[in-house]
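The values are calculated or read from the model by the stated rules, or taken from the named source; none is laboratory data. Nothing here was measured: the structure is a model prediction, and the numbers come from that model. Backbone-built Cβ (ideal geometry, glycine too); neighbour counts: all protein chains shown. What goes into the accessible areas is simple: the full protein's heavy atoms, side chains included, and nothing from ligands, DNA or RNA. Shrake-Rupley method; radii C 1.70, N 1.55, O 1.52, S 1.80 Å.
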Amino acid sequence: MKQELIYDEVKFQEVFSDIKELVIHSRNKVYSTVNIEMLHLYWNIGKIIMSIQKGNDRASYGEALLDKLSLKLTQEFGKGFSSRNLRTMRKFYATYPIWKTVSSKLSWSHYLELIKIDEQAKRDFYFHECIETRWSVRELQRQIASLLYERLVLSSDKKNVLEYSKQGQQLQSSADLVKDPFVLEFLNIKENTSYLETDLEKEILNHLKEFLLELGKGFMFVGSQVRITLGEDHFYPDLVFYNRLLHCFVIMDLKIGKVTHQDIGQMQMYVNYYDREIKKEDENSTVGILLSTSQNKTIVKYTLPVNNQTIFSSTYKLHLPTEEELVAAIEEEKKNYELNCMIKKEI
């Protein structure tokens, strides 16, 4: 009798799992179908409105038409056809006039955020990132608000900027893992207040999901304060990750204030240890990132070798950056670049 009960329970679980899988698959299929139809409907409505208004530049004519359409459609079909919504559908079509460029992998809510972006290169970047990384609408909103596109453009080789709009961010080298600055506003730590590096690490661990989103593609958390033993001495890197796209470990140390040459030397030791003792032969070199509130790029430059591809220094902000702040950073980068060029010519 006991064996029969065990058998029945096993059989029940198998049947339950099969049905559960069918239900989930069916729901996903229904959602996908409904989403495609909704996008197609709104796109076609936008197309019709654009075709009617084409050739008539009078603003009053367009507004009157939308108001009249809204009233009639609402009487016929109920909510969802306000003048504001019709204007959004018109903008949706105007932004994506070719239906094949509309992806069914994104929801109408995603497109509501994307069509707010006027610059096509930036909009295309977020479009591709949404599809590839499967951002939720809330995650997309946060990345736009944190000026992710601008930060990547600032931090990357200028040759890669055009590629962002074509296919999103592609991780091709260790340098692609670094943004400057990283934005950590989700930690809810107020700037200009006294907090310790341990407090920063604790809050990152409490908001690990958000931190992984900010780090970018392919990151997996390995651990915090992972011990490294060298003889009788023990060392504890703050955070250790693995990037499955670049197949490498990423070690991160958190600093309040400027990075010193001692910090860089210690990170170099961490990276060397992981390369020699932890990583496998088919994995790429370990990357070290020193994350600080400010940095002295000159110290970083002259402490590390010329061909350095493993140790990076970046800053973090505890608030969403403004465009003015990024413009100032870009100007500073230009000045440093011009100064370096002058020094090279003199040499």
> If we keep just the residues of region 40-72 that are of a type in the set (Phe, Trp, Tyr) and at pLDDT 85 or above, which is nearest to SER83 (Cα to Cα)?
Replying inline: TYR42
> Which of the residues belonging to region 277-286 are open to solvent by 60 Å² or more (accessible area, probe 1.4 Å), in a loop (DSSP other than H, G, I, E, B) and free of Cβ contacts under 8 Å to residues at least 40 places away in the same chain?
Replying inline: LYS280, GLU281, ASP282
> How do the pairs read when you match residues in region 258-276 that are closer than 23 Å to SER294 by Cβ and free of Cβ contacts under 8 Å to residues at least 60 places away in the same chain with residues anywhere that are open to solvent by 50 Å² or more (accessible area, probe 1.4 Å) and among the hydroxyl-bearing types (Ser, Thr, Tyr), using Cβ under 6 Å and keeping only pairs 6 or more apart or on different chains?
Replying inline: HIS261/THR303; ILE264/THR303
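Out of the residues in region 238-257 that are of a type outside the set (A, V, I, L, M, F, W, C) and surrounded by fewer than 16 Cβ atoms within 10 Å (Cβ to Cβ), state the one that is nearest to the chain's Cα centre (by Cα).
Initial filter on region 238-257 (of a type outside the set (A, V, I, L, M, F, W, C)): 238, 242-244, 247, 253, 255, 257.
Applying the additional criterion that residues be surrounded by fewer than 16 Cβ atoms within 10 Å (Cβ to Cβ) yields 244, 247, 257.
Values: ARG244: 16, HIS247: 19, GLY257: 26 Å.
Within region 238-257, the match that is nearest to the chain's Cα centre (by Cα) is ARG244.
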>> For region 73-122, which positions are among the acidic types (Asp, Glu) and either surrounded by fewer than 13 Cβ atoms within 10 Å (Cβ to Cβ) or at pLDDT below 90 (or both)?
In response: GLU76, ASP118, GLU119
> Would it be correct to say that ILE251 is of a type in the set (Val, Ile, Thr) and part of a helix (DSSP H, G or I)?
Replying inline: no
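How many residues are surrounded by fewer than 18 Cβ atoms within 10 Å (Cβ to Cβ) and either over 16 Å from TYR270 (Cα atoms) or at pLDDT below 75 (or both) if we restrict to region 287-320? Spell out how you get there, then give the answer.
Restricting attention to region 287-320, the residues satisfying the condition of being surrounded by fewer than 18 Cβ atoms within 10 Å (Cβ to Cβ) are 293-294, 296-299, 301-302, 305-309, 317, 319-320.
If we keep only those that are either over 16 Å from TYR270 (Cα atoms) or at pLDDT below 75 (or both) as well, we get 293-294, 296-299, 301-302, 305-307, 317, 319-320.
Qualifying residue count, region 287-320: 14.
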> Which residue pairs have Cβ atoms under 7 Å apart, sit 6 or more places apart or on different chains, and have a first residue in region 188-214 that is more than 21 Å from SER294 (Cβ to Cβ) and a second that is of a type in the set (A, V, I, L, M, F, W, C) and not in a helix (DSSP H, G or I)?
Replying inline: LEU208/PHE221; LEU212/PHE219; LEU212/PHE221
